[in-house]
Each structure stands twice: as structure tokens, then as C-alpha cells.
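Asker: Quick one: structure below, then a few questions.
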Amino acid sequence: MDTRSFIRALPKAELHVHIEGTLEPEMMVALAERNGVDLPFATVEEVRAAYEFSDLQSFLDIYYQGAAVLVTEQDFYDLMYAYLERAVDDGVRRAEIFFDPQTHTERGIGFPVFMNGFTRAVGDAEERWGISAGLIMCFLRHLPGDAATSTWHEAEPFADRIIGVGLDSGEVGNPPERFAQAYALARAAGLHSVAHAGEEGPPAYITGALDALGAERIDHGVRCDEDPALVERLVREQTPLTMCPLSNLKLRVVDRLEDHSLKRLLDSGIRVTINSDDPAYFGGYVLDNYVAAAEALNLSREDLIALARNSIEAAFLGSKGKRVLLDELTQIAAA
Ligand code: ADE
Ligand code: ZN
């Protein structure tokens, strides 16, 4: 069996994917037309040609522009349903999906519009394909801490449709501590917490996310290996890292995939997982990320099984849900 088919067959969880980052150029252009939204691009080819990024911010500028085509409940439904269909095709059995409410509320799109679209699509996909999915609401870290707290209050009526909160957008200069209040409220309501840290920002932001936000997983965490004491802590506490190799390559966090820290960190005992981040922008969904990492880093079948196992263990699933997937993984690994 070739590597791609082997990885596809492994039951996996995707734990780091931004739903707005799954907006394919074809859907972007179609929704712009459907909603009468002006885009700075006339064709799908022009959209694709604009995807040359020099860093995180150069990507975010285009990404927030693209999200403006999402207007109606049906748009959010179509986006979520298309991602879940794609994920099923990659062998994803559990998806924990980020969304950025402030990107939409600041354009006058209210919580009921996107929440109803997302939850209806998740329900339909679960029924149709048996995939399990949960939503993680991210606060935008380039905005003030107070804005995150207000967003939390707006989200409260929908809190039973969200499994956790996260933190994303431009990292450097926007440390996690500013968001402690919003996170404390979400945790008090029983939600899980995760945070982007150490993508472009320093290891201190990872420590801050753990200590000030109570983050249970770190999204990216690439720069943790600059601080040996932090690596030791991540191993000791078994804090999962949701790594995204193709994203790191496209946003020039690493110059070459061969230099990525993923394999070294896996070998050092950190609970590393592989994910897609913004697959419509970075040239690959989760299976493509596994395959690219396998090739560049010479990952063995044991490594690939360990990565899939880590993704299931790091998921916010009950013990019964994890057991079903882990038993299946063990059977496939033994075959
Ligand atoms: N929003 C979408 N993708 C992101 C990333 N890779 N880092 C920070 N914020 C994001
Ligand atoms: Zn991300």
C-alpha cells in the first residue's frame, strides 16, 4: 500500500482547521456573485495567483478580505458542509473546527446567521457520513481583550453549540495575557481552551497561553524548541501541539519542510499532531499535510500511526468516542 493510502486508512482527528480558511477560490467567486460582494479579483485564477505569502500578516490581509463573501446562513452551511465532505475523504473521523466570529460580527453578520449555518451542516454531515465534529470559537488577538470579552457574552446563548475557545490572528506583539478574562469566563462555562502560540511569536507566548489562558492544547507551537525547559514541560504535561506543516512552509515559518521541528518534537515525547490550518490557502488538506511531512521528514509507518493516535488522544472527545477510534487504529496498525 502506498503512503497516501496507508495514511488515509488511519482513523484521524483534525484539530486545527479554520473554517474560513477552507474557502476555496471557486466558492469565493461564486459567493461574491451570489451576494453582490465586490472582490479585488475577477476570476478564480486571479484569486489563486494572489496566494503568495511572505509571512502570517500578508496571508491574514487576504484571508479577511475573502471572508467578506460569507453573508447568509446558507453560505456558512455550504462552507462547513464542503469542508466536512473533504475531511471524510481524507479519513478524518473527528474534526474540531475554528471559526472567527469577530470577522463576521464586525461586518454586521450576527451570531444566529453563522451559528445556525454551521450547526445545521455539522448535523447533516454527521448523519450522512458518520464524522463527528465540534466548533471552537476563536478570539482575534489583534483586537483588544475587552472585544474578546464582549464576544464571549454575545456567544453565551450559543455556548452549548461550542466545545471550546481559541485565539488566533496576528501573533507578534499580541501576547495571550490580554485575553485572560474572556478565557476565564469560557472555562467557567465548562468550555475547553486552546490557543495559537509559537507560530511566529516567541516561546514565552506558549508559556503565557498555558499559564494565563489555561490552554489545553497549543496550536502550532513550532518555536517551543527554542526553550529546552518549555519542551520538557510540554513532554511532562503531555500538552498536544496541533502542527500544520504546509501552513508553516507557505507562511515562511520554515524555509524548507525538511527543517520542520515536527519529527524532533515527536521523538522527544511531545504529543504532536498534524493538521491543515487553512487548506484552501496553503495548498493541502490534512492528508496532504501528512504525506508532505512523511516525505520531507522520512516518517516511518510507526511515526504515522503515533501521529494519528496523538490526534485522537488530544481530541475533546469522551473516553468512549476515543476508545472506538483507538481500537480501530490498533487493528489497522497490526494488519
Ligand atoms: N487565522 C487563520 N489562520 C491562522 C494562523 N495560521 N495563525 C493565526 N491566525 C490564523
Ligand atoms: Zn491556525
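Asker: Return the only residue of Pro144, Pro101 being of a type outside the set (Lys, Arg) and closer than 22 Å to Met28 by Cα.
Answerer: Pro101
Asker: Now, a different point. Any residue in region 310-323 that is in a helix (DSSP H, G or I), of a type in the set (D, E, K, R), within 21 Å of Glu258 (Cβ to Cβ) and at pLDDT 95 or above?
Answerer: The answer is no, given that none of the residues of region 310-323 is in a helix (DSSP H, G or I), of a type in the set (D, E, K, R), within 21 Å of Glu258 (Cβ to Cβ) and at pLDDT 95 or above.
Asker: Residues in region 216-268 that are surrounded by 14 or more Cβ atoms within 10 Å (Cβ to Cβ), small (Gly, Ala, Ser) and farther than 21 Å from Ala314 by Cβ: how many?
Answerer: Total satisfying the criteria: 0.
Asker: Can you work out which of the residues in region 18-32 that are of a type outside the set (Gly, Ala, Ser) and within 16 Å of ligand 2 (Cβ to nearest atom) is surrounded by the most Cβ atoms within 10 Å (Cβ to Cβ)?
Answerer: In this case the residue turns out to be His18.
Yes/no matrix, rows are residues, columns are (1) of a type in the set (Asp, Glu); (2) under 22 Å from His260 (Cβ atoms):
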| residue | (1), (2) |
| --- | --- |
| Glu127 | yes, no |
| Ile131 | no, no |
| Glu171 | yes, yes |
| His196 | no, yes |
| Glu216 | yes, no |
| Val222 | no, yes |
| Asp225 | yes, yes |
| Pro228 | no, yes |
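Asker: Still on this structure: Taking Leu251 as the residue in question, decide whether it is within 16 Å of ligand 1 (Cβ to nearest atom) and closer than 27 Å to Ile163 by Cβ.
Answerer: yes
Asker: Check whether at least one residue in region 224-243 is on the phi > 0 side of the Ramachandran plot, in contact with a strand residue (DSSP E or B) (Cβ under 9 Å, 6 or more places away or on another chain) and not acidic (Asp, Glu), and report yes or no.
Answerer: No - not one qualifying residue is present in region 224-243.
The values are calculated or read from the model by the stated rules, or taken from the named source; none is laboratory data. Everything numeric in this text was worked out from a predicted model, so none of it was measured. All Cβ positions, even for glycine, are placed from backbone atoms using ideal geometry, and neighbour counts span all protein chains on display.
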